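The values are calculated or read from the model by the stated rules, or taken from the named source; none is laboratory data. These numbers come from a predicted model, not from an experiment. Here the Cβ positions follow ideal geometry from the backbone for every residue, glycine too, while neighbour counts run over all protein chains shown. The area values use the complete protein model at the heavy-atom level, side chains included, leaving out ligands, DNA and RNA. Shrake-Rupley method; radii C 1.70, N 1.55, O 1.52, S 1.80 Å.
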Amino acid sequence: MDDQEMQLKVKRVTDKFTESMYVLANEPSIALYRLQEHVRRSLPELVQHKTDMQSWEEQSQGAIYTVEYACSAVKSMTNSSLYFKNIDGLLRQAIAMKEKISSSQGRSGVKPAPNHNDPPTHVSSTSS
């Protein structure tokens, strides 16, 4: 091999080595540039998804509260069945007493006593 051929081979090797060093030196900055590009493109969409999720969470919490409140109202209504039974019994007793009084007044011919809640009736009475 002569010197000129050797110099050409050495130059090719050094050029390839220089090119490889240049690529390796710039690779991190290219990777960071690509990451930055990706973030710029995808970030607005991610932010929108986050706000949508927060809104859905608030709506879900409101619905959960409403359902829990309705369940507690239904449970308290089932617990109040005893009170409704007592009211029913008292109403039946009152109706029976009213019927008994009405039937006894009908037989005796006595007018019922005036109710204090009724408006007064004006009866003109003359002394004889």
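Some values worked out for this structure:
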item	result
Area of MET6 that stays accessible when all protein chains are in place (1.4 Å probe, Å², to 10)	90 Å²
Listed residue (MET77, VAL23, GLN7) projecting farthest to the positive dipole end of region 4-77, Cβ model	GLN7
Estimated distance in nm for a label pair at LEU32 and SER72, the labels positioned 7 Å out from Cα along Cα-to-Cβ	5.6 nm
Size of electric dipole in region 12-85: Cβ of Lys, Arg +1 and of Asp, Glu -1, about Cα centre, debye, nearest 20	200 debye
Net charge contributed by nearby residues that have their C-beta within less than 15 Å of VAL13 (K/R +1, D/E -1)	+1
